[in-house]
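In what follows, a single structure is set out as structure tokens and then discussed.
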Amino acid sequence: MLTVDYLTNEDKKSILQWPEYKLPFLELNYSIKSGGWLDTIGSNTHCLSFSGFKPDLVAFTMLDFTSSLEAEFYIAVKASHLSKGIGRALSIATIDKGFKDLGLERIFLKVRKNHEIGIKLYESIGFQYVKDKDIEVNGIMTSFYLMDVFPETIKSMK
């Protein structure tokens, strides 16, 4: 069973020690390394970060508020725990918390166009395609899909 809690400084230190991703996830290593999501997005005062334990720390999510009613969603799963349902469980728990406890009306994300596993996960949760967008990541222009989800979409999934 996955336990969800707020991400602590000790959790952040642990994540920085995670082994790097291998293909096809190699491009996602910046999310779990020094200078990555935890140092940039996660250090924002308007960002809430959550940890997933099974029983050790195996994933984290972030809701980066862009207004009082919406937030951008991020998730990273430890390489050894990919494709085991942890990403889905923690995503649903985080999104549920965002809508029910935090009063969000919209949660959105960006996912690399070549990240087929992530796209399928997000669609299965209820995220819908909004548009394409090219964004510079670590000095490289990268193609993304922008997707969003609303409380009524999640409710219809349960």
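Sorting 63-75, 15-27 by average packing, meaning the other beta carbons within 10 Å per residue, from highest down gives 63-75, 15-27.
Over the chain, what is the relative contact order in whole percent, taking alpha-carbon pairs under 8 Å and six or more residues apart? Over the chain, the number comes to 17 percent.
Other residues with beta-carbon under 14 Å from the beta-carbon of Phe65 carry, at +1 per Lys or Arg and -1 per Asp or Glu, a net charge of -3. Give me the net charge of Pro24's neighbourhood, meaning all other residues with Cβ under 11 Å from the Cβ of Pro24; Lys, Arg count +1, Asp, Glu -1. With Lys, Arg at +1 and Asp, Glu at -1, the neighbours total 0. Scaled against 2.2 N^0.38 Å for its residue count N, the alpha carbon radius of gyration of the stretch 3-155 is 0.97. Taking Lys and Arg as +1 and Asp and Glu as -1, the other residues whose beta-carbon sits under 12 Å from that of Asn44 total -3. Placing R0 at 30 angstrom, the Cβ-Cβ distance between Ser143 and Met1 gives a FRET efficiency of 0.25 after rounding to 0.05. Ordering 111-120, 52-61 by mean Cβ neighbour count within 10 Å, with the highest value first, yields 52-61, 111-120. Ranked by the mean number of other Cβ atoms within 10 Å per residue, highest first, peptides 39-46, 133-140, 122-129 order as 122-129, 39-46, 133-140. For the chain, DSSP calls about 90 percent of its internal beta bridges antiparallel.
Too long at a 30 Å Cα-Cα cut-off: which of Lys12/Lys84; Lys22/Lys110; Lys78/Lys131; Lys12/Lys131; Lys54/Lys120? In this structure, Lys12/Lys131 lie more than 30 Å apart at Cα.
Each reported figure results from applying straightforward, stated rules to the coordinates on display, with no laboratory input. Note that the structure is a prediction, hence the values are computed from the model and not measured. All Cβ positions, even for glycine, are placed from backbone atoms using ideal geometry, and neighbour counts span all protein chains on display.
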